[in-house]
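Worksheet: one structure, shown below.
All of the numbers you see were taken from the coordinates with simple rules; none came from a lab. In this text the structure is predicted, and so the values were computed from the model without any measurement. All Cβ positions, even for glycine, are placed from backbone atoms using ideal geometry, and neighbour counts span all protein chains on display.
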Amino acid sequence: MRRGVMLAAIALLATLALAAPAGAITYGTPDGNGHPEVGALLAPQAYSDGTWAACSGTLISPRVFLTAAHCDPGVSRVAVTFDASYDPTTGTEYWGTWYADPNYTQAQNDPHDIAVVVLDHPVTGITPAQLPEAGSLDDLRMGTRFTSVGYGAQSVTIDHGPSFQYADVRYVATGGLLTVNPSWLRISMNPARGDGGTCYGDSGGPNFLGAGATETNIVAANTITGDAMCRATNVDYRLDTASARAFLGQYVTLP
């Protein structure tokens, strides 16, 4: 879960490791009502700071919420929210059942790091995002812009070690494509380039194809991992691959 991943990343950082699972939007802005189809997977209980968002995800049909397998909450019954700023005393939760790709591993060639929550009742008033067509991301050009959305940490401070700040607020940022691999998109979130991106808690959240005037509602890839300090590279699991589509095709009609 979110805090366990963060502690592992800090330990890796201490030994000069460069990569660690990703979670929150950094160098971005509050999303408000910009992406109502993006939600938070809520933890079974509040974290020590009082926040609840364990991971992020996207509504891809009225009853299917897409996220990452490594966000496994350890229980089959889970809740998600689509509130732009979640307050457990007044917020709206949607309950459902957790299903992860049974082939999930940590293999770099194809980790099958994908999961869904099948909601008990359809979500109304929110238009689901679209999935990409098969193989449609193969020939993307370097620099193609993406829009990342999620409920993860919004900032990182260094005071006797890194500290990550959470608020259960949906944030948005944009970045440019660095590379395309068979299972992955690697997207810049380097603030020196004017980019923002993901951090702890954004895992499972969407990276929409395009940004600004070119943004689409196509979820090209799910946020999975990145660098330990959340300021270099956002690494995302492609949703146009045969393996991702084989899993998703059990729950939604594919384009």
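Points to keep in mind about this one:
- Listed values for the range 114-123 are Karplus-derived 3J(HN,Hα) couplings in whole Hz (6.51 cos²θ - 1.76 cosθ + 1.60, θ = phi - 60°), namely 8, 8, 9, 10, 8, 6, 5, 9, x, 7, and x replaces Gly and Pro.
- Sites residue 107 and residue 76, calculated FRET efficiency, Cβ-Cβ separation with R0 30 Å, nearest 0.05: 0.75
- Global form of the range 160-255, assessed from the alpha-carbon gyration tensor, a/c cut-off 1.5: prolate
- 5 angstrom amide H check on residue 63, placed H, neighbours 5+ away: 123
- Interchain or long-range residues, amide H under 5 Å from residue 207's placed H: 220, 221, 223
- Packing rank of 73-83, 110-120, where each peptide gets the mean count of other beta carbons within 10 Å, highest leading: 110-120, 73-83
- Distance from the range 201-255 to the range 73-130 (C-alpha centre basis), Å: 14 Å
- Spin-label model distance (nm) - residue 246 vs residue 134, 7 Å beyond Cα toward Cβ: 1.2 nm
- Gain on full stretching of the segment that runs from residue 45 to residue 217 - 0.36 nm per residue minus C-alpha separation: 58.8 nm
- In whole angstrom, the range 35-152 maps to an equivalent ellipsoid with semi-axes of 25, 18, 15, each derived as √(5λ) from the alpha carbon gyration tensor and ordered largest first.
- When the square roots of the Cα gyration tensor eigenvalues are ordered a ≥ b ≥ c, the ratio a/c for the range 82-235 is under 1.5, which makes its shape rounded.
- Cα gyration tensor shape of the range 176-218, rounded if a/c is under 1.5, else prolate or oblate by comparing a/b with b/c: rounded
- Summarising the amide proton neighbourhood of residue 31: residues at separation of 5 or more, or on other chains, whose placed amide H is nearer than 5 Å comprise 170, 171, 172.
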